[in-house]
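First comes the structure, then the notes that go with it.
The values are calculated or read from the model by the stated rules, or taken from the named source; none is laboratory data. These figures come from a predicted structure and were not determined experimentally. Note that we place each Cβ from the backbone using ideal geometry, even for glycine, and neighbour counts take in every protein chain shown. Remember, those area values only see protein heavy atoms, side chains included, never the ligands or the DNA or RNA. Shrake-Rupley method; radii C 1.70, N 1.55, O 1.52, S 1.80 Å.
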Amino acid sequence: MSKNLSELSARHGLENNLFENLAGNPDTEAIAREFLIGKASVNGAVSFYDFLKAENRDKKVYVCNGSACLCAGTQKQLTQHLEQHFDSSEIGHMTCLGRCHENSAFHYQGRNYSGLDSAEINVVMDNKKSVKDSYRVGSLGTPILTGKAISIDQFINAFDALMTKGKNEILGELKISSLRGRGGAGFPISFKLDSAMNTESEQKYIICNADEGDAGAYSDRYLLEQQPLLVLFGILASAYIIGADHGILYIRAEYPESIATIKNNIEQLAPYIESINFDFKFKIISAQGAYICGEETALINSIEGQRPEVRVRPPFPTQQGLFNKPTVVNNVETLACLYSITTKGGKFYNAIGTDKSKGTKLISLDSCFTHPGIYEVEMGRTLLDVFEQCGGGFAKDIKALQIGGPLGGIIPTNKISDLQLNFESFSNNGFLLGHASVVGIPVDFPMIKYLHHLFEFAVYESCGKCFPCRLGTKRGEELLLNAIKNKQKIDRELFTDLLNTLEQGSLCAHGGGIPLPIKNALIYFSDELSDYFCN
Ligand SMILES: Cc1cc2nc3c(=O)[nH]c(=O)nc-3n(C[C@H](O)[C@H](O)[C@H](O)COP(=O)(O)O)c2cc1C
Ligand code: SF4
């Protein structure tokens, strides 16, 4: 059925796509008629998104409820300040505005604000003053993504040089580089490009996944806002290799500044794009607030205007993706690496890092560090070096760190010295590097409350496609809430069964991944949690 919906949605093409129609027009019946799609499908899609849901339409200001702001403990006071300007019914929530470096984050009239005291908030409300956030940017080793931003001329020279080479030659350099995806799964980019290049189709797509939903992560935001030409270069180069005529940037609406910067850079590049001898267009799609749309098949369903549920694979997107056409979806950071690899060569990139994790990784440090910010670290450096040399050590008393977003591991501080920054070190120690966001959990923050926060997030963001996740996340959340509020002890065997069912039975890494941090906490914080469990 969804294959047929993809075809119906494809009739209108990308420029007049169903998703943007849904976001821009509340008359869902008219849209259903125009796209020949049932009203239930249209309403099913609209009701999925935070920013399109009827209950959110009247909100005037949105308070960040992501993990970093929660652990920093700033949001209660922020809400009290905002209540001096708004009725409490006008205050909504957004999950992670990427202001984890200074917290007190909120979204108001299309802009994000953070780190303001009450007097500064009053100024924002009265004058709509724009406040630019600032955070440190640095590197440990060779900077590939955090050097001086490239100019339009450098972009043009590099792309002109690229087009003198054969597509197989460029792909060969990417293979030599061994670049693995930075969105979480660590899959080699060259495999996906190779597969899409060799799939026959008159139309193909490149999608840049800029839906950075992991609470604590703001490295994609950094690239979109401060290195936009690196991102656009990676999209164009990938499109050239596979023969795609569209490069789509699916950017979360929680990052309005990123959307504006990318738009501006695409406009500046427009004369050059028109002059090159292959048919290509950039297209920005502003997401509408759903964490699961970061999962690549849900993202594809989203652009098609379908309810963004995860798709069963195979077929893989490189063979049957957007509008059933070959599509390569890559993370912002992965794509941003292509400029260095294509200008300096695959060997240059491959020489950095460890055996299986090549190159550098951006890491987002939150406000638990003395110097929060975005740091580019050569794969293989010790985590201790990153925290001390980049972060300047902890600014607060921390008992654990969650690294890799809500599905990433919970690492007690005494395990930090065992870890190096690479995919293998994390997985061998029972954790996950993921997108490498770091959120500090303070000593006085109850671990049970943090676990409930994770389960609550997992329930809210579940796409509902498979029952282990749809039902299991809710049951887990209820057990934890009952333990906290009603002192009802959790049956450990039942809880373990639930976690194993989620891990083994879920269709995607949302339901499949949420047990990891919970299991970590059960191991490393067993004393603290024992009061909440029986047997
Ligand atoms: C629940 C969930 C959320 C995800 N969110 C993101 C995201 O925000 N950004 C991202 O690039 N990848 C995300 N991914 C991974 C994508 O599905 C996909 O693997 C990635 O975009 C591929 O790009 P890469 O190979 O460059 O990493 C998510 C996966 C899951 C299961
Ligand atoms: S695990 Fe959760 S998010 Fe993933 S497909 Fe199943 S219901 Fe959807």
Among (1) in a strand (DSSP E or B); (2) within 13 Å of ligand 1 (Cβ to nearest atom); (3) of a type in the set (D, E, K, R); (4) touching a helix residue (DSSP H, G or I) at 6+ places or on another chain (Cβ under 7 Å) - the single one K361 does not satisfy: (4)
When you scan region 424-535 for helices (runs of 4 or more DSSP H) that lie fully inside it, which ones turn up with 3 or more residues that are more than 15 Å from ligand 1 (Cβ to nearest atom) and either closer than 30 Å to K361 by Cβ or β-branched (V, I, T) (or both)? 447-461, 492-505, 515-524
Within the bounds of region 203-217, is there any residue that is within 22 Å of the chain's Cα centre (by Cα), farther than 23 Å from L14 by Cβ and open to solvent by 30 Å² or more (accessible area, probe 1.4 Å)? no
Single match in F348, F323 (criterion: modelled with pLDDT of 95 or more, away from ligand 1 (no atom under 15 Å from the Cβ) and open to solvent by 40 Å² or more (accessible area, probe 1.4 Å)): F348
Could you tell me whether region 119-136 includes any residue that is open to solvent by less than 20 Å² (accessible area, probe 1.4 Å), touching a strand residue (DSSP E or B) at 6+ places or on another chain (Cβ under 9 Å) and in contact (Cβ under 8 Å) with a residue 60 or more places away in the chain? no
Examine region 83-94 for a residue that is out of contact with any strand residue (DSSP E or B) (no Cβ under 9 Å at 6 or more places or on another chain) and closer than 30 Å to C368 by Cβ, and state whether such a residue exists. yes
Identity of the residue in region 277-318, modelled with pLDDT of 95 or more, assigned to a loop (DSSP other than H, G, I, E, B) and among the acidic types (D, E), that ends up nearest to ligand 1 (Cβ to nearest atom): E295
Where the second residue is surrounded by 20 or more Cβ atoms within 10 Å (Cβ to Cβ) and the first is among the small types (G, A, S) and lies in region 13-34, which pairs have Cβ atoms under 6 Å and are six or more apart or on separate chains? A23/Q288; A32/V42
Taking Q109 as meeting all but one of (1) open to solvent by less than 40 Å² (accessible area, probe 1.4 Å); (2) closer than 20 Å to E225 by Cβ; (3) touching a Lys or Arg at 6+ places or on another chain (Cβ under 9 Å), write down the number of the exception. (1)
Restricting to region 365-390, count the residues that are open to solvent by 30 Å² or more (accessible area, probe 1.4 Å) and not in a helix (DSSP H, G or I). 5
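Name the one entry in E267, E257, E274 that is assigned to a helix (DSSP H, G or I), surrounded by fewer than 21 Cβ atoms within 10 Å (Cβ to Cβ) and touching a Lys or Arg at 6+ places or on another chain (Cβ under 8 Å).
E257
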Could you tell me which residue of region 48-102 is farthest from Y291 (Cα to Cα), considering only residues that are open to solvent by less than 20 Å² (accessible area, probe 1.4 Å) and part of a helix (DSSP H, G or I)? L82
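Residue under question is L516, and the condition is that it be open to solvent by 20 Å² or more (accessible area, probe 1.4 Å), under 27 Å from P442 (Cα atoms), at pLDDT 95 or above and within 14 Å of ligand 2 (Cβ to nearest atom); does it hold?
yes
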